[in-house]
Amino acid sequence: MKKQPKNNKYIFIRNSLNKIYFLSGVIALIAISWLLDINIFGILALVCFTLYFAILMRAVKENKKQTFLVLGFLLAAFIFTAKQIITHNINPGYMPVTCIVILVTILYNNLELTFIMGSIAAIFAGIISGGSLYMYLIFLISSLAGGILTWKLRKRARILTAGLCAGIIQMALFMLAYRCGYQEALPSLFSGIICGIFATGLLPLLENIFGIATNISLLELSDLEHPLLKRLILEAPGTYHHSLIVGNLSEAAAERIGANALLARIGSYYHDIGKLANSEYFMENQKNGGKHSNITPSISKMMIMSHIKEGVMLAKKYRLKPSIIDFITTHHGTSLVYYFYRKALEDIQEPSQIQEEGFRYPGPKPNSKETAIVLLADSVEAASRAINDPQAPRIEDVVHKIINNKFIDGQLDDCDLTLRDLEKIASVFIHMLSGIYHDRIKYPEASREESNHKKNHIKTPAHLPKEDKEQNPENS
């Protein structure tokens, strides 16, 4: 099988958007610094910050294309707020360093990024408050404490707890550094609490404006009361069950290689929602024979492939985040619809009349570890279900064969999975599928004599009235 070229159009668009977002963030930072008359040290910090993301962009996940625009917006808003606090003679302890660090931690789940943003915000807080090194260290330590407490957040209430803890640390450091009483340091405590409240309120706004899926929004999508999941349960139960198994496989594999396990699981739940449009054309939902027996392979191929387009339309209708839509568009990559391709070749006298490209999904290929894992889990689960005698050795052979075929076919070219990652993923799939499709004991059916013997030895309860005993069917 020939290796397919990369989707150059998609890659060009993605790279162009990255550059536009990056330049927009740079312009926003330069403009806010010029308007607020930030001194040379602040400009130098901005230059270092910009160069860091220009050179080491891999520190941030690729599927968050607007990263620098979001960070630039948050930093610009922080600088403006901090400058207004000093201009209006408000206590410098109210500078919202903790707020920006908590937001960045929740939005990106990246402690390296948390440290960078905490350092930059603390530098500006120190510069704006008169070049105080004490203020820089106080804000840095307290804000990082709040960021660590909100890492891998699962409940919104923890944001307030993190803000309170950061406020307590900030107040204690303020008292130690300036040797003052608790009354003078109370603004630092209030600042942490206020930052927690503002972060809680701003988080949904940022999620919706920039289309970022945080752990909290992902957990909300896992609710079985979500309209799309409810429709899957009722209209396409086979697809729903398949999606659950793919979700379990993907979550375990992602956790094993250090990817975002929650994102992989939730993406799996929604990757096949497009099948709701024509659920009866998919094998897992068929009850009374196949729908493809009376139509040509070309029409069957179109019906199968249409679930990608239908899935994207449903996702946009129900306002799913772009990171979830990525799972819908990439979970087949540019793979070949092999069954109907072979069937079309068998039905045609001249095989040259059938073009392989016409039986391939439109793509794009997976561009992150999580989407690549779901592509593999989707194929492996479907193939394992088709095994007549699902013994562990046969499941192992199928898993390795599918992963090798996807690799050779170039479906993993655009993601950064290593060969070692693929080995770990395969071992997880084999272990879990062997447990799901394990052999079961076949219980022998009771013979007629044994059944009669049981009936004769069943005693009618003594508390029943005499007429009930006579009507008891087991005594008849």
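The values are calculated or read from the model by the stated rules, or taken from the named source; none is laboratory data. Model, not experiment: these values are computed from the prediction. Here the Cβ is made from the backbone with ideal geometry for all residues, glycine too, and neighbour counts use every protein chain on show. These area figures cover heavy atoms from the full protein model, side chains too; ligands, DNA and RNA do not enter into them. Shrake-Rupley method; radii C 1.70, N 1.55, O 1.52, S 1.80 Å.
Can you give me the % of accessible surface on the range 60-205 that is carbon or sulfur? Probe 1.4 Å, all protein chains present, nothing else counted.
The nonpolar share, carbon plus sulfur, comes to 70 percent.
Convex hull over the Cα atoms of the range 220-270, averaged projected area in nm²?
On the way: hull surface 12.3 nm².
Projected over every direction and averaged, the Cα hull of the range 220-270 covers 3.1 nm².
Would you please give the FRET efficiency between Met313 and Ile148, computed as 1/(1 + (r/R0)^6) with r the Cβ-Cβ distance and R0 = 30 Å, to the nearest 0.05?
Working from the Cβ atoms, E equals 0.15.
Would you work out the charge dipole size for the range 137-212 about its Cα centre, treating the Cβ of every Lys and Arg as +1 and the Cβ of every Asp and Glu as -1, and quote it to the nearest 20 debye?
Approximately 300 debye in magnitude.
Which one of Gly118, Leu189, Phe210 is farthest out on the positive end of the charge dipole of the range 64-220, using unit charges on Cβ (Lys, Arg +1; Asp, Glu -1) and the Cα centre as origin?
Phe210
Could you check how many percent of all C-alpha pairs in the range 249-393 are farther apart than 19 Å?
Percentage above 19 Å: 58.
For Phe80 and Ala177, FRET efficiency with R0 = 22 Å and r from the beta-carbon atoms, rounded to 0.05? Before the final figure, lay out each step's value.
Numbers: r = 26 Å, r/R0 = 1.18.
With R0 = 22 Å, the Cβ-Cβ based efficiency is 0.25.
If you take the square roots of the eigenvalues of the alpha-carbon gyration tensor of the range 340-438 and sort them as a ≥ b ≥ c, do you get rounded (a/c under 1.5), prolate (a/b over b/c) or oblate?
oblate
Only Cα pairs under 8 Å and at least 6 apart count here; give the relative contact order of the range 145-217 as a rounded whole percent.
Working: 72 pairs, mean separation 25.9, N = 73.
Once divided by the residue count of the range 145-217, the mean separation gives 35 percent.
Provide the per residue accessible area, probe 1.4 Å, for the range 64-213, rounded to a whole number of square angstrom.
Values: 6270 Å² over 150 residues.
Accessible area per residue: 42 Å².
Ordered by packing density, taken as the mean number of other Cβ atoms within 10 Å over each peptide's residues, highest first, how do 410-416, 298-304 rank?
For the peptides 410-416, 298-304, the packing ranking is 410-416, 298-304.
Just the number, please: carbon plus sulfur as a percent of the accessible area of the range 365-438, 1.4 Å probe, no ligands or DNA/RNA counted.
On the way: 1720 of 3180 Å².
With neighbouring chains kept in place, the figure for the range 365-438 is 54 percent.
If you take the charge dipole of the range 129-268 about its Cα centre, with +1 on Lys and Arg Cβ and -1 on Asp and Glu Cβ, which of Gln170, Leu219, Ile159 is farthest toward its positive end?
Gln170
What distance in nm separates the simple spin-label points at Asp397 and Tyr134, each placed 7 Å from Cα in the Cβ direction?
According to this spin-label approximation, the distance is 7.5 nm.
What do you reckon, how do Leu140, Leu203, Leu224 stack up by accessible area (1.4 Å probe), largest on top?
Putting Leu140, Leu203, Leu224 in descending order of accessible area: Leu224, Leu140, Leu203.
First measure r as the distance between the Cβ atoms of Thr87 and Leu160, then evaluate 1/(1 + (r/R0)^6) with R0 = 41 Å and state the FRET efficiency to the nearest 0.05.
0.90
Just to confirm my numbers, what's the Cα centroid distance between the range 86-157 and the range 294-340 in Å?
Here the two parts' Cα centres lie 43 Å apart.
Hey, which of these cross-link pairs are over 28 Å Cα-Cα: Lys230/Lys424; Lys316/Lys401; Lys230/Lys316; Lys301/Lys365?
Details: Lys230/Lys424 33 Å; Lys316/Lys401 35 Å; Lys230/Lys316 17 Å; Lys301/Lys365 19 Å.
From the list (Lys230/Lys424; Lys316/Lys401; Lys230/Lys316; Lys301/Lys365), the Cα-Cα distance tops 28 Å for Lys230/Lys424; Lys316/Lys401.
In what order, largest first, do Arg420, Arg158 sit by accessible area if the probe radius is 1.4 Å?
Ranking Arg420, Arg158 by accessible area, largest first, yields Arg420, Arg158.
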